[in-house]
Amino acid sequence: MREKLIEAALVKRIKELGGLCEKHVSPGSTGVPDRIVTIPGGRIIWVELKAPGKEPTVIQLRDHEKRRKLGCEVIVIDSMESVDAFASRLTPVSK
């Protein structure tokens, strides 16, 4: 399973919940999470995506910790099961 497939599944699930799952690029900054998830109600979650069995780098872990100290939620997703578990914790939009 490639990281790209896990990322595509995450984007799809978040869209289904009425949220945004935007690619995050920060020129000049290393270690920033891959995606910013925004869900109804104003909740924002930084998401680091990894291929199965891969761990965040030391630089990524430092960035995650800085964000957590600022009060941000940062998660790591490395499988389709992780996508499902994350999405199931989020409140879907009532239609």
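The values are calculated or read from the model by the stated rules, or taken from the named source; none is laboratory data. As the structure is a prediction and not an experimental result, all values here were calculated from the model. Quick note on the areas: whole protein, heavy atoms, side chains included, nothing else; ligands and nucleic acids left out. Shrake-Rupley method; radii C 1.70, N 1.55, O 1.52, S 1.80 Å.
For the reader, a short list of remarks on this structure follows.
- Ratio Rg/Rh [Cα only; Rh per Kirkwood] for the chain: 0.95
- The length gained by stretching the chain between residue 22 and residue 2 to full extension, at 0.36 nm per residue less their Cα-Cα distance, is 5.3 nm.
- Long-range tail of P(r) for the stretch 6-55 (Cα pairs > 17 Å, %): 37
- Length gained when the stretch residue 88-residue 29 is fully extended (0.36 nm per residue, less Cα-Cα span): 18.1 nm
- The chain: calculated mean residue ellipticity at 222 nm from DSSP helix runs of at least 4, using -39500 (n - 2.57): -12000 deg cm²/dmol
- Under the Karplus curve 6.51 cos²θ - 1.76 cosθ + 1.60, θ = phi - 60°, whole-Hz ³J(HN,Hα) for the stretch 72-82, x wherever Gly or Pro sits: 7, 9, 10, 10, 10, 10, 9, 6, 5, 5, 5
- Value of relative contact order over the chain, rounded to a whole percent, pairs C-alpha under 8 Å and six or more apart: 30
- Per residue, the stretch 28-95 exposes 60 Å² of accessible surface when a 1.4 Å probe is rolled over the protein heavy atoms with every protein chain present.
- Spatially close lysines, pair count over the chain: Cα under 30 Å, gap of eight or more or interchain: 29
- Residue 19 long-range amide H proximity, modeled H, under 5 Å: none
- Note on the chain: with neighbouring protein chains present and a 1.4 Å probe, carbon and sulfur make up 55 percent of its accessible heavy-atom surface.
- Linear extension gain, residue 12 paired with residue 66, 0.36 nm per residue minus alpha-carbon span: 16.6 nm
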